[in-house]
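Scroll down for the structure; my scribbles are underneath it.
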Amino acid sequence: MVTTLQIQPIPLPLAIDKNGVVKVGGTRVTLDTVVKAFIRGATAEEIVQQYPALALSDIYATISYYLQNRKEVDKYLGKRKKQAQAVKRENEKRLDPHGIRERLLARKNK
């Protein structure tokens, strides 16, 4: 008797939070994190060791999604990078990082 294999779509383990950030597998780990690790040469197994909150199957599904939608994901990552740079510039305007060590030591010695 031949058993038939039921082929069903696998749900994508990605969700967009209220700030528009894509998270993986119901965790706080971002799509950015997984894709950047993969691009740097990390395997799915290495990524799960670094981020044990993720399921190995979710990492594979995320990498598969990236490979099938590279153009769109790269565009998203580019936007996220620009946002991060803007936030960094704004923070540096509000709190000048130059001389911070000295200011902290002076505050400690009061």
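The set of residues in the stretch 24-42 that are among the basic types (Lys, Arg) and over 16 Å from ARG80 (Cβ atoms) contains only ARG40.
Picking from residues in the stretch 22-56 that are closer than 14 Å to LEU12 by Cβ and free of Cβ contacts under 8 Å to residues at least 24 places away in the same chain, the one that is nearest to the chain's Cα centre (by Cα) is LYS23. Restricting the search to helices (runs of 4 or more DSSP H) fully inside the stretch 31-104 and requiring at least 1 residues that are surrounded by 10 or more Cβ atoms within 10 Å (Cβ to Cβ) and modelled with pLDDT under 95 gives 70-94.
For the stretch 13-30, a residue qualifies if it is part of a loop (DSSP other than H, G, I, E, B) and in contact with a helix residue (DSSP H, G or I) (Cβ under 6 Å, 6 or more places away or on another chain), and the qualifying residues are PRO13, GLY25.
The values are calculated or read from the model by the stated rules, or taken from the named source; none is laboratory data. Note that the structure is predicted; figures quoted are calculated from it, not measured. Methodologically, a virtual Cβ is constructed for each residue, glycine included, from the backbone with ideal geometry; neighbour enumeration extends over all protein chains shown.
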